[in-house]
Structures are given as structure tokens and as C-alpha cells.
Amino acid sequence: MHVPSVAAEDQRHLHRDVETLTQARASTTTRIKGLRRSQGIRLTSLSTLPEQLETLRLWDGSPIPSGLRRRVLRVYAHHELLREQMAALAAERRALLHSSSEASLEKVRQLMQLTGIGSNGSWLVVRACFAWRELKTRREVGG
């Protein structure tokens, strides 16, 4: 078994951060949906939640209780923070793709030229399979 070098392991953190933030953001979206659905609140768009919160009503037409409103706003603030962090990581990755002459990033650029493979998929494939591993046989590729 081949263990990645410290530098190769360090290069994998950017993609891991993207994955972690994506999962955390999906969790906050689910939490907001659960909070509103448990009270029968209809919401058309999550992006305008703070503006809509005053006009939204519970299933029986009563206003949203203050405790629930504060909780939803806290979860929404966390959701927006995660969105901003994801945008910053995406910008960092774009900058690396455009400016770096590293061999693994050249492979990412080459994969992105194929139809159906975007930056996320090509980044993952190259970082997981080709950046630090020395695959010599078909079995190693499949394993």
C-alpha cells in the first residue's frame, strides 16, 4: 500500500473542505425545511427567507412564534455562512486551475475538456486517483 506524501495529502484538503461544506449546507437546508414543515409553513424560496419570515403564517394562520423565528434565522445565518465559504473555496480552486502549472492540475484541465465532466468531477478523479497514486495495473485502478 502506498501512503501519500505530506504535500500530496495537503493538496487533498481543498476538495475535502468543499465536500464537508456541501454536506453541512445540505444539512442546514434540511433543518430549515423540517422546521417549517413541522409547523405547516409554506415557503417559495429559501433565498428570500428573512424577508418572508414576517409575512409567513403557521398552518392555522397565526404568526410564527418568536422562538421558532429566531431559530430559523440562526439556521439560515449558518446556511449563508456556508454558502459564502463554498464560494470562496470555488474561487480558490478556479484560481489554482488558471494559474498553477502543477502536473495534477493539468490533468484536471484535460478532463474538464471532455463532455459531461465538470470541474468537481475532474478535480475529484485526479486528486483521488492520479495525484499521488502510482497505478500500474488494471486491478489497482479497479481497487
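Taken together, the values in this text are just the output of simple stated rules run on the coordinates, not laboratory data. Source: prediction; values computed, not measured. Methodologically, a virtual Cβ is constructed for each residue, glycine included, from the backbone with ideal geometry; neighbour enumeration extends over all protein chains shown.
Using bins of 5 Å that start at zero, the share of Cα-Cα pairs per bin across the chain amounts to 2, 8, 15, 15, 13, 10, 9, 8, 8, 7, 4, 2, 1, 0, in whole %.
3J(HN,Hα) along the range 24-32, derived from phi through the Karplus expression 6.51 cos²θ - 1.76 cosθ + 1.60 where θ = phi - 60°, amounts to 5, 5, 4, 5, 5, 4, 4, 5, 5 Hz, with x in place of Gly and Pro.
Whole-Å semi-axes of the range 30-80's equivalent ellipsoid, largest first, each the root of 5 times a Cα gyration tensor eigenvalue? Spell out each step's value before the answer.
Values: eigenvalues 50, 24, 23 Å².
The equivalent ellipsoid of the range 30-80 has semi-axes of 16, 11, 11 Å.
In this structure, the amide hydrogen of ARG57, modeled 1.01 Å from its nitrogen in the peptide plane, lies closer than 5 angstrom to those of ARG42, counting only residues at least 5 positions away or on a different chain. Calculated from the alpha-carbon coordinates, the range 72-123 shows an Rg and a Dmax of 14.8, 45 Å respectively.
Be a star and scan the range 2-20 for residues whose amide nitrogen sits under 19 Å from the point 7 Å along the Cα-to-Cβ vector of THR137. Within reach of a label on THR137: 2-3.
Only one residue of ALA24, ILE117, SER101 has its Cα farthest out toward the positive end of the dipole of the chain, where Lys and Arg carry +1 and Asp and Glu -1 on Cβ, and that residue is ALA24.
Per the helix-only calculation at 222 nm, which mean residue ellipticity applies to the chain, given -39500 (n - 2.57) for every DSSP H run of n ≥ 4 and division by its residues, nearest 500 deg cm²/dmol? It would help to have the intermediate numbers written out before the result.
Values: 7 runs with 92 residues, N = 143.
That calculation yields -20500 deg cm²/dmol at 222 nm.
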